[in-house]
Structure formats: structure tokens, C-alpha cells
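Report on the structure given below.
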Amino acid sequence: MAEKPPLVELRGIRKSFGAVTSLSGVDLTVGAGEVLGLVGDNGAGKSTLMKILAGALQHDSGDIAVNGRTVRLSSPADARREGIGIVYQDLALCDTIDVAGNLFLGREPRKGPFIDRAAMHAESARILADLHVRVSSTRQEIGQLSGGQRQTVAIARAVSLEPDLLILDEPTAALAVAEVESVLRLIGDVASRGVGVILITHRLQDLFRVCDRITVMYEGRSVDDAPIGDLDIEKLVAMITRSDPQKEERP
Amino acid sequence: MTARTDTAAPAGSAPPRLSPAVLWQRANKSTLLMIGVIVVLFGAFGIASPTFLTFGNLSNLATQIAPAVVVGVAMTFVITSGQIDLSVGSTVAFVAATSAELLAAGLDSALVIPIGIAAGAFWGLVNGWFAAYHRIPPFVVTLATMSVIRGIALLRTEGFSVPIDNRLFLARIGDASFLGFSASAWIALVVAVAGAVLLYTTRFGQYITGIGSQEESVRRAGVNTRRVKMLALVLSGSAAGVAGLLIAARLGSGSANSAQGFELVVIAAVVLGGTDLFGGRGTIVGTLIGAVITGAIANGLTLLGMSPFLTPIVTGCVLILAIWINLRGRDMAELGARLLRRGS
């Protein structure tokens, strides 16, 4: 049997906003169950690339292939249909609605004209337990949770839509140490279910905890791609900043 | 594979049960406070006036607050979704005057009642269309329509009150009673129950709350938030239509000058009850309580022989007090939680 195509493959993605070129040729692949760290300095084009992959923006040229099949992602709904989920930095939760209500926002189970709250809470508890997310009650309001708990609820919601690829934009920024741990563990859990994960983060130490591979972006291009085992934090910093001393070490 | 499993215990893991602290957290502090205010208020008026606590007066009070309850329930949806509707008083007057005119023209009550409610819904639709689909702040839209709607009613009736023949069905609703309470009071109760069911048990209610909290989150979840926001204003317009019919039925006439300052009474009742003025948190029971408080103040002052012109002054002061409490509700919640934690 021939080698299975990667879950998602991007080739030569380009994107300009008027005269400003944001992406000038990005290649990136993620496999099923793989955690890919996407790093690069501010303005390197990480977020633009992920918005393209989530269908929120359209690229000018280049190919996106899902399971070896070239696809056109012209809207977020298209991306969802292709099994691509994203958790944005602002999480898109409602503070005054409880945990279960947020997990099922926009797709609440119904019994006749009414929301089936019993089913919603039971299902929420199951989803959260599956992912080892701990909240004291699914009836707790989101606004009363800590930043880390909110993050895990947002990720759990994205996972409950059963994506093949999950994009996480800075999930550990501004979290307390113990909360970072639970988010990282959740990422590991998600990947172990065979979901491909793209993790964008500025916290380089997190990459070494959960990632299998790192793709580095620099000024709108993907410039490096290396298994995490070949890297240490100094090498990674050098790859992001393109500083000279490390140049000859790179293949 | 890398080190994925060697993580410490997750943060904030509490026992999975509804502890008293959680229950207290979830209770609406402003609403609890207002129940206390009712007890004090009724006690004070009861002592000051021997007739205040009689069944006759309490039944009368229920009739008096019925229009404010009907519109207040709908206004709870509007305010919870982060909007406001200032035009309800004008819509009440418009529907009262128009339906009296239609009855005078010989139209049957069975037609006038649905027409009156539809007219209210129409003005709500106008408000909602501008506010939700054209992004004009609802405060501005309804401030403008407040003037337009009453203006049209005044123009048509030239300010004269239009009498309603007391043999007509609509007028008889105004006199009807059941178990000692008027039809108006029963209608208000039905509206309140229906409002509570709609707010707490349906997707519509959930999205109203969500939109008032973080509209963008609800929109990204695939909900048509503009439609929900427009429907909230259609609801308050329709409720104002019902209130207009109730007021016309009770007074036996429809006047374009009626329900002046009614929006203030309704908003005071809603905010007094604990619905968050900035949206995201609404309580129908609270609105009911708020309407009882504002109504009892007006009723009690009249019984004590005070000038009826004192009522708007007191209502305005109560509104300011209510907003003051509303804005500090969260501080009080924190204070309460801290006291509780220290106690346990």
C-alpha cells in the first residue's frame, strides 16, 4: 500500500492585502494525531495562514489538500465541513451562560420547542470527562471560571464538533502555570485520539512539551521544518529570529 | 512522541456538587434584596394605612400593575439582549387610541384585539429593523420612534380621548374578574409565566442572554443574532399593544395622551428586579417584583392622601436607586461570597 497522504498539506500559499504581501509561499503539512508547532515572530503571517485554513480568509494562490484531495475553503462553514476546527484567542464564549450552554451554543439539544437541559448537561459532563477537563459543575457560569478552565471549555467545544484538524491560537497565553499544564495535557489527549493539532504559541517551552514537529515562519514564508527531537530552545530561537551563528547548523 | 503525559493536577478542580457557595453565587443578589424591600414596603404602608393590606386594595394593585408587568416581561428580553426600548409608552397610547377609534367605527372586538397587538408588533418591527439590521443604537431608534408613534396617534385623534362603548367585549374585559382578581391581572400573570418559559427554556431565550453577554460569540456559533435582536423588540412592541388594549379596556376610552412616562415605570421595574442594565442577565421573577414595588409605591402614596403628582418624582428617584443597586450588584455578590467563605 502506498504511503497515506498527510491529513492536511499546504503548498505555496500566497496572500496579499492590496500592496502588502502577507504570505509569500508557505508549505506546511500535518498528519493525523500529530501536534505541529507553528512559530515565528510577530507579523510572520501565522495568524493569516490559520485564518486561511479556517476559511475566514481566502488565499491568492497555492494549494490546500485535505487527505490528499485539493479543496477550496471559501467560508468557515467549508472548513468545518472538511473537518477543520479552530479556537481563536478570544475563545468566543458567553460569560453569563453556563458551561453546558457554551459547549452547545448554537446547537442546543431540544425536546419539542424547549432546550433539553438534562441531556445537554449529561452530554457536556461526558464530553468534559472524556477530555479530563475538570470544572466543578456544568451549571457554572463561564464568567466565574479561571482563564485556564475557559480555555479548556473552548477547546472541548471545538473537539466535540469532531474535527480532523484542530487549530489552537495562543491557547496558553496569559494563563497561570498550573492552568498551562492542564491545557497542554488536553492538547495531548486530543492528539492521541487521532486529531491533527496545529499549535501557535510564543511560549517556546510549551512546544517541547507537546509538539512532534515545528514549522517556522519568517516574513511570510515557511523557512524551516524540523522534528522536535532535533531541536533545543537555543536552536529554535535562532530559527525564529534568523540569527547568523546558527545558520551553518541548519541543513 | 514527546513528554505529553507528565503533567500536574489540573487547576481549580473542586468537588462536583452544588455547594451552598455555588447556589449563592448563582442566586441573583439584586432580586433577593428586592424581595426584602417588598416586605419592608408592604409593612410600612400597612402600618401607615389600614386599607393598604386589605384584599380589595391588593387586588386593585394587581390590576394597576398589569400593563407594566406585561410590557416589563418583554422589556426584560430587550434589556437582557443589551438593548433598550423607549417607545413602549407611545405604542401603548397609539394602540389604545387606534383601537378605540376602530371600535367607534363599528369594528368588532374580535378583530380590534388582534389588530391592536399587530400594530404594536409592527412598531417593534420598525424599531428592530433599524436597530438590528442598520446598526443604529436602539436607544436612538426608539427615542425617535417614541416621538413618531405618539405623534401619529395625536395627529389622528387631535388629542381628544375616544370613548369605548361599555357594552363592547373589549370594555367588558376591563370589568371582568375571576377569583377576586381582574382579567388584566390574570393576563399579566399568564404573560409572566410564558415569558419565564421563553427566557429560560428555549434557544431564543438562551441566545437573548448570550447576545447581551457576548454577541460576537453567539454570532460565531452560527446564530442569526440580528434576527434574535429584532424579535426582542417585536416582543416589546407586541406587549405594548396588549398593554394598550388593557388600559383602553380599563379606562373605557383610548387616548393618545395616555401612558406618558410609562417606559420609565417599565424600565424601573425591570432594572429594579435585577436584570442587568447592560445585558447578559435577565430575571422575569425580578421584573414581577420590580413592578410590584413601583406599583405599591404609587398605590400607597395615593392611599396616604399624597398628591398624585408625587408619583413620577418618587418613580424617578426609585429608578436612580435601582440603577445604583444594579451597578453595584456584582460588588455585593463578591462581598457576600467573601462573608460566606469566611463563615465556612
Of the residues in the range A:141-165, those that are more than 10 Å from every other protein chain (Cβ to nearest Cβ) and of a type outside the set (A, V, I, L, M, F, W, C) number 6
Would you mind stating whether B:Val112 is of a type outside the set (Phe, Trp, Tyr), more than 14 Å from chain A (Cβ to nearest Cβ) and in contact with a Ser or Thr (Cβ under 7 Å, 6 or more places away or on another chain)? yes
Go through the residues of the range B:52-59 one by one and say whether even a single one is under 26 Å from B:Gly290 (Cα atoms), in a helix (DSSP H, G or I) and open to solvent by less than 10 Å² (accessible area, probe 1.4 Å). no
Which residue, of A:Asp169, A:Asp189, is closer than 14 Å to A:Leu36 by Cβ and either acidic (Asp, Glu) or open to solvent by 20 Å² or more (accessible area, probe 1.4 Å) (or both)? A:Asp169
Which numbered condition A:Ile142 misses (of (1) out of contact with any His (no Cβ under 8 Å at 6 or more places or on another chain); (2) within 26 Å of B:Gly279 (Cβ to Cβ); (3) surrounded by fewer than 20 Cβ atoms within 10 Å (Cβ to Cβ)): (3)
For the range B:263-293 the number of residues that are open to solvent by less than 10 Å² (accessible area, probe 1.4 Å), more than 14 Å from chain A (Cβ to nearest Cβ) and either β-branched (Val, Ile, Thr) or not in a helix (DSSP H, G or I) (or both) is 7
Selection from the range A:89-108 of residues that are open to solvent by less than 60 Å² (accessible area, probe 1.4 Å), farther than 12 Å from B:Gln206 by Cβ and within 10 Å of another protein chain (Cβ to nearest Cβ): A:Leu91, A:Ala92, A:Leu93, A:Asp95
B:Gln83: passes all of (1) surrounded by fewer than 24 Cβ atoms within 10 Å (Cβ to Cβ); (2) touching a residue at least 12 places away in the same chain (Cβ under 8 Å); (3) under 26 Å from B:Val285 (Cβ atoms) but (1)
May I ask you to list the residues in the range B:136-145 that are surrounded by fewer than 20 Cβ atoms within 10 Å (Cβ to Cβ) and either touching a residue at least 24 places away in the same chain (Cβ under 8 Å) or in a helix (DSSP H, G or I) (or both)? B:Phe139, B:Val140, B:Leu143, B:Ala144
Just the residues that are of a type in the set (Phe, Trp, Tyr) and touching a helix residue (DSSP H, G or I) at 6+ places or on another chain (Cβ under 6 Å), please, taken from the range B:234-284. B:Phe262
Exactly one of (1) away from chain B (no Cβ under 13 Å); (2) under 26 Å from B:Thr209 (Cβ atoms); (3) among the β-branched types (Val, Ile, Thr) is unmet by A:Thr138. Its number? (1)
Within the bounds of the range A:113-122, is there any residue that is of a type in the set (Lys, Arg) and within 11 Å of chain B (Cβ to nearest Cβ)? yes
Restricting attention to the range A:64-80, does a residue exist that is at pLDDT below 90, more than 10 Å from every other protein chain (Cβ to nearest Cβ), under 20 Å from the mean Cα position of the chain (by Cα) and surrounded by 21 or more Cβ atoms within 10 Å (Cβ to Cβ)? yes
Looking at this structure, is B:Ile65 part of a helix (DSSP H, G or I) and within 14 Å of another protein chain (Cβ to nearest Cβ)? no
Can you confirm whether B:Gly128 is open to solvent by less than 30 Å² (accessible area, probe 1.4 Å) and within 19 Å of B:Ser109 (Cβ to Cβ)? no
With the condition being closer than 30 Å to B:Ser99 by Cα and within 14 Å of chain A (Cβ to nearest Cβ), I'd like the helices (runs of 4 or more DSSP H) fully within the range B:160-232 carrying at least 2 qualifying residues. B:183-201
I'm told B:Ala259 meets every condition in (1) at negative phi; (2) modelled with pLDDT of 85 or more; (3) aliphatic (A, V, I, L, M) except one. Can you identify the failing condition by its number? (1)
Index of the failed condition, A:Arg134 passing every other in (1) surrounded by 23 or more Cβ atoms within 10 Å (Cβ to Cβ); (2) modelled with pLDDT under 90: (1)
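The values are calculated or read from the model by the stated rules, or taken from the named source; none is laboratory data. Since we're looking at a predicted model, the values are computed, not measured. We place every Cβ from the backbone using ideal geometry, glycine too, and count neighbours over all the protein chains shown. Heads up: the accessible areas ignore ligands, DNA and RNA and are worked out on the full protein's heavy atoms, side chains in. Shrake-Rupley method; radii C 1.70, N 1.55, O 1.52, S 1.80 Å.
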